[in-house]
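Right, one structure below, let's go through it.
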Amino acid sequence: GQQVMQIPQYQHVQEGEDFTTYCNSSTTLSNIQWYKQRPGGHPVFLIQLVKSGEVKKQKRLTFQFGEAKKNSSLHITATQTTDVGTYFCAGVGSARQLTFGSGTQLTVLP
Amino acid sequence: DAGVIQSPRHEVTEMGQEVTLRCKPISGHNSLFWYRQTMMRGLELLIYFNNNVPIDDSGMPEDRFSAKMPNASFSTLKIQPSEPRDSAVYFCASSLGQGNSPLHFGNGTRLTVT
């Protein structure tokens, strides 16, 4: 079955440093979604990428979809304490099912 | 937009008791998902419905778990009998379709089985 791997599992950064999380799928994806879950909260949809090589930006967040549509990344520039949480990628494969990665838990130290 | 509504927010029960979790999806959404989240296993898809019909229940751990969606605005996840290893946060999510539509999650039910 489809597997979506996400690294790193944990990341601690000093406020103002950059942060990147990577997502890799065992199969080609039709699209990939990113979610953020604050501590004690629920996953909240951030963005969806559909096209090969697509890059989208949301303020300090940059999302990329690989050329082969099997990997993706989320980069945060100059992290802030409000960025704390767990970031999940979720890929949609040929079976049109959404598979979540294991998430990257980001801690931002003030 | 009220969002996905789950109840109860917290449930503490003793081993062997029946537990029923409830979910009201966003009006107009035709797909509904039940997820379980634990530290060890992360977010696991238990079952999902499309147009009130169960499509994939391969994630349901065992026969103690059952889910129903009697109409487009209500779903339940039942555990009978409950066991301590069922302790987790259970999320319900809904979306406009399958695959390409983002999921809208409820606030979750934190279940503790003692």
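The values are calculated or read from the model by the stated rules, or taken from the named source; none is laboratory data. Bear in mind the structure is a predicted one, so any value in this text is a computation, not a measurement. When we count neighbours, we look across all protein chains shown, and the Cβ atoms used for this are built from the backbone with ideal geometry, even at glycine.
For A:THR79, all conditions in the list (1) hydroxyl-bearing (Ser, Thr, Tyr); (2) surrounded by fewer than 18 Cβ atoms within 10 Å (Cβ to Cβ); (3) under 24 Å from A:PRO110 (Cα atoms) hold save one; what is the number of the exception?
(2)
Among the listed residues A:TYR10, A:TYR35, identify the single one that is buried (at least 18 other Cβ atoms within 10 Å of the Cβ) and out of contact with any Lys or Arg (no Cβ under 9 Å at 6 or more places or on another chain).
On the way: A:TYR10 fails: buried (at least 18 other Cβ atoms within 10 Å of the Cβ).
Only one candidate passes the filter, namely A:TYR35.
Could you name every one of the strands (runs of 3 or more DSSP E) located completely within segment A:60-102 that has at least 2 residues being small (Gly, Ala, Ser)?
Details: elements: A:61-65, A:71-76, A:85-92, A:98-100.
Answer list for segment A:60-102: A:71-76, A:85-92.
One line per residue, one yes/no per condition, for (1) within 14 Å of chain B (Cβ to nearest Cβ); (2) within 10 Å of the chain's Cα centre (by Cα); (3) surrounded by fewer than 17 Cβ atoms within 10 Å (Cβ to Cβ):
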residue	(1), (2), (3)
A:GLU15	no, no, yes
A:VAL50	yes, no, yes
A:GLU67	no, no, yes
A:LEU74	no, yes, no
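Can you work out which of the residues in segment B:79-94 that are in contact (Cβ under 8 Å) with a residue 60 or more places away in the chain and either touching a helix residue (DSSP H, G or I) at 6+ places or on another chain (Cβ under 6 Å) or in a strand (DSSP E or B) (or both) is nearest to the other protein chains (Cβ to nearest Cβ)?
The selected residue is B:PHE91.
Among the listed residues A:GLN2, A:GLN48, A:GLN6, which satisfies the condition of being within 14 Å of A:CYS89 (Cα to Cα), in a loop (DSSP other than H, G, I, E, B) and of a type outside the set (Asp, Glu)? Outline the logic, then answer.
Details: A:GLN48 fails: in a loop (DSSP other than H, G, I, E, B); A:GLN6 fails: in a loop (DSSP other than H, G, I, E, B).
Going through A:GLN2, A:GLN48, A:GLN6 in turn, just one is within 14 Å of A:CYS89 (Cα to Cα), in a loop (DSSP other than H, G, I, E, B) and of a type outside the set (Asp, Glu): A:GLN2.
If B:GLY97 satisfies every condition in (1) within 12 Å of chain A (Cβ to nearest Cβ); (2) in contact (Cβ under 8 Å) with a residue 24 or more places away in the chain; (3) in a loop (DSSP other than H, G, I, E, B); (4) buried (at least 16 other Cβ atoms within 10 Å of the Cβ) but one, which is the exception?
B:GLY97 satisfies all of (1) within 12 Å of chain A (Cβ to nearest Cβ); (2) in contact (Cβ under 8 Å) with a residue 24 or more places away in the chain; (3) in a loop (DSSP other than H, G, I, E, B); (4) buried (at least 16 other Cβ atoms within 10 Å of the Cβ) except (4).
Have a look at B:VAL53, B:VAL19 and point out the one that is more than 14 Å from chain A (Cβ to nearest Cβ), among the β-branched types (Val, Ile, Thr) and buried (at least 17 other Cβ atoms within 10 Å of the Cβ).
The match here is B:VAL19.
Hey, could you check segment B:5-16 for residues that are surrounded by fewer than 18 Cβ atoms within 10 Å (Cβ to Cβ) and farther than 12 Å from B:LEU111 by Cα and say which is nearest to the chain's Cα centre (by Cα)?
Among those that are surrounded by fewer than 18 Cβ atoms within 10 Å (Cβ to Cβ) and farther than 12 Å from B:LEU111 by Cα, it is B:ILE5.
Please state which one of B:ALA72, B:ALA2 is of a type in the set (A, V, I, L, M, F, W, C), farther than 19 Å from A:GLY101 by Cα, away from chain A (no Cβ under 14 Å) and surrounded by 15 or more Cβ atoms within 10 Å (Cβ to Cβ).
B:ALA72
Six or more apart or on different chains, Cβ under 7 Å: which pairs go from a residue in segment B:2-14 that's touching a residue at least 60 places away in the same chain (Cβ under 8 Å) to one that's outside any loop (DSSP other than H, G, I, E, B) and of a type in the set (Phe, Trp, Tyr)? Could you list them?
Sorted first by the residue in segment B:2-14, then by its partner, the pairs are B:VAL4/B:PHE105.
Please state which of the following conditions B:ALA67 fails to meet, knowing it meets all the rest: (1) modelled with pLDDT under 95; (2) among the aliphatic types (A, V, I, L, M); (3) over 22 Å from A:TRP34 (Cβ atoms).
Tallying (1) modelled with pLDDT under 95; (2) among the aliphatic types (A, V, I, L, M); (3) over 22 Å from A:TRP34 (Cβ atoms), B:ALA67 fails exactly one: (1).
Being hydrophobic (A, V, I, L, M, F, W, C) and either within 19 Å of B:THR38 (Cα to Cα) or within 13 Å of chain B (Cβ to nearest Cβ) (or both) is the filter here; which residues of segment A:22-48 pass it?
A:LEU29, A:ILE32, A:TRP34, A:VAL44, A:PHE45, A:LEU46, A:ILE47
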